[in-house]
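Inspection log for the structure reproduced underneath, given as structure tokens.
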């Protein structure tokens, strides 16, 4: 199965609440300096999407991508669990 997410990246929240999105991610997502994003809070997680994506169109896009990649909901959930495990291992590594 293809890795659906990148490793966590560190970004600092600046004094006025500004966050810099890493350049490679901005380029991949076609986000320029005029881009607007939606930020959703899901528990203690922030999810950011380009503003142009709305719920219905986002769902259709995800569904098309899942079909193209031949992924099931179970595949996505398994990857989410894997990503969560990797994040927790990195975030709480005992040094």
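The values are calculated or read from the model by the stated rules, or taken from the named source; none is laboratory data. These numbers were taken from a predicted model, which means no experiment stands behind them. Quick reminder, even Gly has a Cβ in these numbers, built from the backbone with ideal geometry, and neighbours come from all protein chains shown.
Scanning segment 66-83 for residues that are surrounded by 12 or more Cβ atoms within 10 Å (Cβ to Cβ) and under 17 Å from the mean Cα position of the chain (by Cα), we see that the one that is modelled with the lowest pLDDT is 76. Note on segment 27-50: among residues that are surrounded by 11 or more Cβ atoms within 10 Å (Cβ to Cβ) and part of a loop (DSSP other than H, G, I, E, B), the one that is modelled with the highest pLDDT is 31. Within the option set 25, 19, being outside the structural domain of residue 73 (by TED's automatic domain parsing) and under 12 Å from the mean Cα position of the chain (by Cα) holds for one residue only, 25.
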